[in-house]
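Below is one structure, written out as structure tokens; the observations come after it.
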Amino acid sequence: MFKTLCRKQLVYLLSSLFILTATMGLITPTAQAADTKLTFGTGGKGGYYFRVGDLLCKSFAQGTDGFKCRARTTDGPRENLPNLRSGKFDFVVARSDWAKSARDGSGFFKGKGADSSLRSLFSIHSEPLTVIARKGSGISLVNDLDGKRVKLGVSASRLVRQLPHQANWDTSAFNTFRPGDLSAQRKALCSGEIDAVAHVVAYPSGWVQKTAQTCPIQLVELSGRQINSLVAGTDTLSKATIPANVYTGVTRSTMTFGYKTALLSSTNVSDNDVYAFVKFTFENLHQLGQQNPTVRGLQPSEMIRDSMVVPLHTGAVRYYREQGWIK
């Protein structure tokens, strides 16, 4: 009887202790579900890709329950796209031409095979072909580049070669420069050694602005029927307009064309995770634009249409259909 009584007292004591500790929050009846961890491949720290990716990633994690997101600095698309394919990254930033190369297994990805798992979420900012001419050079329209002294970045050189106009130009004074030579191009332009610099870059660009502050410049208009046909014939290009007053002394908007930066994912990332991320981004687009000028002014109708070189992720499709943006 004594043993039975002690056993009952012990059970009562343990039950009371369990209730007390649970009430005090020291233990919980069931463990909380762990947050979903997402990894975001961006670009070099301080660059456009990192700043945009880091903003989207951190804002999503802070504004949505159940998710953690880490933006990783990378070497850009050449690192982002293979890591997305292998499952190391969940989301990446990449330019439309790089996405197409990964999709097809061409260019940098030749020999790696086509990536059939690659999926689009939405496009972000434009990376247009930006031609900066020194005022007084006589260059204001695309055909004015004929016979001029022009330095071209590597990506700009590819785009200029696609211009139907250049087949009849004198391009003997067109030369390509390496990415690290931008400062030298500013000096050459402002001193009159060259007439124009062509560069593929998002706006506002710190390099273009510093050039505009160093010497008077104008942006060259790249528009017209032939350019419209060029853009219509490929899924990697889209038209763009650089607004007035983005750069010192450039008081008129400038029509041009170029690539789009896209946010990409993979079929290996769940529909629910993608849906949550896309929903948060679009519902907070205005606030995000207040924190980063490259996001400011983005229009959903363009974001889900322009330069979509790979199919939309089904998680993104779900949200867009809810909004009535696609069928």
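For the stretch 45-72, the set of residues classified as in contact with a helix residue (DSSP H, G or I) (Cβ under 8 Å, 6 or more places away or on another chain) and within 22 Å of Ser126 (Cα to Cα) consists of Leu55, Leu56, Ser59, Ala71, listed by residue number. All told, Lys327 falls short of being of a type in the set (D, E, K, R), closer than 20 Å to Phe40 by Cα and open to solvent by 40 Å² or more (accessible area, probe 1.4 Å).
Residues are listed down the side, and each one gets a yes or a no for (1) touching a His at 6+ places or on another chain (Cβ under 9 Å); (2) over 23 Å from Ser238 (Cα atoms); (3) modelled with pLDDT of 90 or more; (4) hydrophobic (A, V, I, L, M, F, W, C):
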{"residue": "Ala114", "(1), (2), (3), (4)": "no, yes, yes, yes"}
{"residue": "Leu118", "(1), (2), (3), (4)": "no, no, yes, yes"}
{"residue": "Glu127", "(1), (2), (3), (4)": "no, no, yes, no"}
{"residue": "Thr130", "(1), (2), (3), (4)": "yes, no, yes, no"}
{"residue": "Lys135", "(1), (2), (3), (4)": "no, yes, yes, no"}
{"residue": "Val142", "(1), (2), (3), (4)": "yes, no, yes, yes"}
{"residue": "Leu152", "(1), (2), (3), (4)": "yes, no, yes, yes"}
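Selection of the stretch 238-252 for residues being closer than 15 Å to Val208 by Cβ, touching a Lys or Arg at 6+ places or on another chain (Cβ under 7 Å) and part of a strand (DSSP E or B) yields an empty set. Out of curiosity, is Lys135 within 27 Å of Asp181 (Cβ to Cβ) and surrounded by fewer than 16 Cβ atoms within 10 Å (Cβ to Cβ)? Criteria met by Lys135.
Residues in the stretch 306-324 that are loosely packed, with under 15 Cβ neighbours inside 10 Å and either in contact with a strand residue (DSSP E or B) (Cβ under 9 Å, 6 or more places away or on another chain) or within 22 Å of Leu84 (Cβ to Cβ) (or both): Pro311, Thr314.
For every residue, the table says whether it meets (1) buried (at least 21 other Cβ atoms within 10 Å of the Cβ); (2) touching a helix residue (DSSP H, G or I) at 6+ places or on another chain (Cβ under 8 Å); (3) in contact (Cβ under 8 Å) with a residue 40 or more places away in the chain; (4) outside any loop (DSSP other than H, G, I, E, B).
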site	(1), (2), (3), (4)
Ser157	no, no, yes, yes
Gln166	no, yes, no, yes
Pro204	no, no, yes, no
Gln213	no, no, no, yes
Val231	no, no, no, yes
Thr236	no, yes, yes, no
Gly258	yes, yes, yes, yes
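With a requirement of 1 or more residues that are open to solvent by 40 Å² or more (accessible area, probe 1.4 Å), the strands (runs of 3 or more DSSP E) lying completely within the stretch 35-103 that satisfy it span 36-41, 67-72. Just so you know, in the stretch 168-192 the residues that are part of a loop (DSSP other than H, G, I, E, B) and surrounded by fewer than 18 Cβ atoms within 10 Å (Cβ to Cβ) include one that is modelled with the lowest pLDDT, and it is Arg178. In this structure, Val269 qualifies as more than 25 Å from Val200 (Cβ to Cβ), open to solvent by less than 20 Å² (accessible area, probe 1.4 Å) and assigned to a loop (DSSP other than H, G, I, E, B).
The values are calculated or read from the model by the stated rules, or taken from the named source; none is laboratory data. All of these numbers come straight from a predicted model, not from anything done at the bench. As a convention, Cβ positions derive from the backbone with ideal geometry for all residues, glycine included, and neighbour counts pool all protein chains shown. In case anyone asks, the SASA skips ligands and DNA or RNA and just uses the protein heavy atoms, side chains included. Shrake-Rupley method; radii C 1.70, N 1.55, O 1.52, S 1.80 Å.
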